[in-house]
Amino acid sequence: MNIDQTSLLKLQQFCAYKERCHSEVRSKILKLEIYGDNLEELISLLIQDDFLNEERYARSYVRGKYRMNQWGKNKIIINLKSKKVSEYCIQKGLEEVDPNEYKSNLKSILEKQSRQYAKKNLNEYQLKSKLFQFAYGKGYESEIINEIIEKLV
């Protein structure tokens with residue numbers, strides 16, 4: 001294999017800047033016009049040197065999207081699958097979400113949202129419907145949404 005050291009260095013910097021998944025790195029390597037065995041060799045070297053770790057990526061992604069964007073598990077899973085992250089790594093990533101905190105997070109999001117909707121003079125059905133749509137769009141599971149809405153409204 002003929003691995004260009006400047007390409008390897010570029011990729012190491014690319015991975016060191018922030019966590020990356022395999023598909024992002026593969027796309028970057030293809031943009032560098034490296035194909036076939038050389039591409040696989042580069043990915044292998046990045047994994048060996050711990051620049052590329054998909055489980056670590058999944059954990060970081062889940063933490064960020066859950067804490068910063070307040071996404072639910074469904075939306076996180078869909079986005080990780082779109083990045084071709086393995087099922088195993090997705091499950092490991094979801095371990096970052098505390099189940100008790102998850103419900104209280106959703107509750108505070110829905111309370112805040114319901115205050116927004118209070119200004120719109122909605123009836124109970126409309127309010128519940130709007131809150132459900134909002135939380136479902138954020139990726140929360142319908143059973144949990146309904147449970148919290150019933151206590152809230």
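The values are calculated or read from the model by the stated rules, or taken from the named source; none is laboratory data. In this text, all values refer to a predicted model and were calculated from it rather than measured experimentally. Note: ideal-geometry Cβ built from the backbone for every residue, glycine included; neighbour counts use all protein chains shown.
Observations on the structure shown:
- Any hit, the stretch 25-47, residues being under 25 Å from Glu147 (Cα atoms), outside any helix (DSSP H, G or I) and outside the structural domain of Ile148 (by TED's automatic domain parsing): no
- Conditions (1) surrounded by 13 or more Cβ atoms within 10 Å (Cβ to Cβ); (2) assigned to a loop (DSSP other than H, G, I, E, B); number of the one not met by Gly93: (2)
- Count of the stretch 57-103 residues which are aromatic (Phe, Trp, Tyr) and closer than 19 Å to Ile148 by Cα: 3
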